Amino acid sequence: PVIYAITPTYARPVQKAELTRLLHTLMLVPNLHWIIIEDAEVPSSLVANLLKNSGITYTHLTATTPKEWKLKEKESNWKKPRGVQQRNTALQWIRNNLKADDQGVIYFADDDNSYSLEVFDEMRDTQVVSVWPVGLAGGLMVEMPVLDPKTGHVKGWNSAWRPERPFPLDMAGFAINLSHFLKHTEAKFSFNVENGYQESEILRHLATRDQLEPKADNCTKVYVWHTRTEAPKLQAEKQLNKKGLKSHGGIEV
Ligand code: UGA
Ligand code: MN
């Protein structure tokens, strides 16, 4: 099966660093198709050149976040969901371009997380929806499914943040079988759900808790981390900008 890794991304000082780190991980994964969606009106040359020079199999799309849903610079990040429009655009591309008998798996790989190659091995044989632990998520060292020792099925999660959610897990903690996804035409993300309910919103169309396939050694291993990158302090750059100068004139950073 081909892994379709879906990555929303947006312009900011750390963008090229984030995408280079993720690209160089994905380049080591066999049979992977990267769907990267810029939160922008038009594709940027930064992203286009990174992809073109990499040799990776990819689809480069754009989709802007509607103005009323775009986070303002100082606004705290729990107020509005991120990546909704971009992930839905990628899912629509999948519905338009792939067929029910194509062998594949869909994974939402945000540009700032840290991925071990093992997470891709684990998800590749997903039959419906597979799940596994995510490090540094939801205010915990690890947020993970809890298995019933008798049946081996998922009986809940150890989540501390909004544990009442139908699927209290992070975007990085599950994958979806492609043919299964194509059969469920309503499965997508939505702006009209409460904060933290994006994962539950798509999964409610795709699986019951009992159908989830636990991976990563019965959910005892951490192969992906919900890392978040600190915004760099660029005071000196701003001083230069005031004088009409840049440290990086002509250099892509
Ligand atoms: C958490 C989850 O890990 C995300 O999957 C989820 O989308 C998000 O919460 C949410 O509540 O919406 P967090 O680290 O806070 O993640 O979110 P970001 O990593 O900042 O954003 C998720 C993705 O959307 C990233 O790939 C980012 O590049 C992209 N994004 C972010 C945009 O495309 N546009 C934006 O304006 C902001
Ligand atoms: Mn993130």
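The values are calculated or read from the model by the stated rules, or taken from the named source; none is laboratory data. Computed from a predicted structure; not experimentally measured. All Cβ positions, even for glycine, are placed from backbone atoms using ideal geometry, and neighbour counts span all protein chains on display.
All but one of (1) of a type outside the set (S, T, N, Q); (2) within 16 Å of ligand 1 (Cβ to nearest atom); (3) in contact (Cβ under 8 Å) with a residue 24 or more places away in the chain hold for L147; which doesn't?
(2)
Are there any pairs, at least 6 apart or on different chains, whose C-beta atoms fall under 6 Å, with the first in region 64-78 and over 18 Å from P43 (Cα atoms) and the second surrounded by 10 or more Cβ atoms within 10 Å (Cβ to Cβ) and not aromatic (F, W, Y), and if so, which?
Note: pairs meeting the criteria are W69/K80; L71/K80; W78/N195.
Filter region 61-86 down to the residues that are in contact with a strand residue (DSSP E or B) (Cβ under 6 Å, 6 or more places away or on another chain) and of a type outside the set (S, T, N, Q), then identify the one that is nearest to T9 (Cα to Cα).
This residue is G83.
Would it be correct to say that W34 is aromatic (F, W, Y) and surrounded by 17 or more Cβ atoms within 10 Å (Cβ to Cβ)?
yes
For region 12-37, which positions are within 16 Å of ligand 2 (Cβ to nearest atom) and touching a helix residue (DSSP H, G or I) at 6+ places or on another chain (Cβ under 8 Å)?
Matches in region 12-37: Q15, L19, T25, I36, I37.
Given the criteria aliphatic (A, V, I, L, M), touching an Asp or Glu at 6+ places or on another chain (Cβ under 8 Å) and closer than 26 Å to W78 by Cα, does A137 qualify?
Working: aliphatic (A, V, I, L, M): yes; touching an Asp or Glu at 6+ places or on another chain (Cβ under 8 Å): yes; closer than 26 Å to W78 by Cα: yes.
So A137 passes the test.
So which residues in region 223-246 are under 24 Å from L147 (Cβ atoms) and more than 16 Å from ligand 2 (Cβ to nearest atom), if there are any at all?
Y223
So the check is Cβ under 8 Å with 6+ separation or different chains; which pairs have a first residue in region 103-122 that's over 21 Å from T59 (Cα atoms) and a second one that's crowded, with 21+ Cβ neighbours inside 10 Å and β-branched (V, I, T)?
Listed pairs, sorted by first residue: S114/V224; S116/V224; V119/V224.
Which ones in region 10-26 are within 12 Å of ligand 1 (Cβ to nearest atom) and either without any contact (Cβ under 8 Å) to a residue 60 or more places away in the chain or crowded, with 16+ Cβ neighbours inside 10 Å (or both)?
Y10, A11, Q15, E18, L19, L22
In region 134-161, which residues are in a strand (DSSP E or B) and of a type in the set (G, A, S)?
Passing the criteria: G135, G156.
Looking at F181, is it more than 16 Å from ligand 1 (Cβ to nearest atom), modelled with pLDDT of 95 or more and aromatic (F, W, Y)? Give the steps one after another, and end with the answer.
Details: more than 16 Å from ligand 1 (Cβ to nearest atom): yes; modelled with pLDDT of 95 or more: yes; aromatic (F, W, Y): yes.
Yes, satisfied.
Go through (1) under 11 Å from T57 (Cα atoms); (2) in contact with a Ser or Thr (Cβ under 8 Å, 6 or more places away or on another chain) for L19 and report which single condition fails.
(1)
Quick one: A90 ticks every box in (1) in contact (Cβ under 8 Å) with a residue 12 or more places away in the chain; (2) over 15 Å from the mean Cα position of the chain (by Cα) except a single one, so which number is it?
Checking A90 against (1) in contact (Cβ under 8 Å) with a residue 12 or more places away in the chain; (2) over 15 Å from the mean Cα position of the chain (by Cα), the one that fails is (2).
Would you point out which residue out of V42, V29 is more than 14 Å from ligand 1 (Cβ to nearest atom), over 15 Å from the mean Cα position of the chain (by Cα) and in contact (Cβ under 8 Å) with a residue 40 or more places away in the chain?
The conditions single out V29.
Find all pairs meeting these conditions: Cβ atoms under 7 angstrom apart; at least six residues apart or on different chains; first residue within region 227-241 and more than 30 Å from G173 (Cα to Cα); second residue surrounded by 10 or more Cβ atoms within 10 Å (Cβ to Cβ).
Qualifying pairs under 7 Å: L234/P13; E237/S247; L240/K246; L240/S247.
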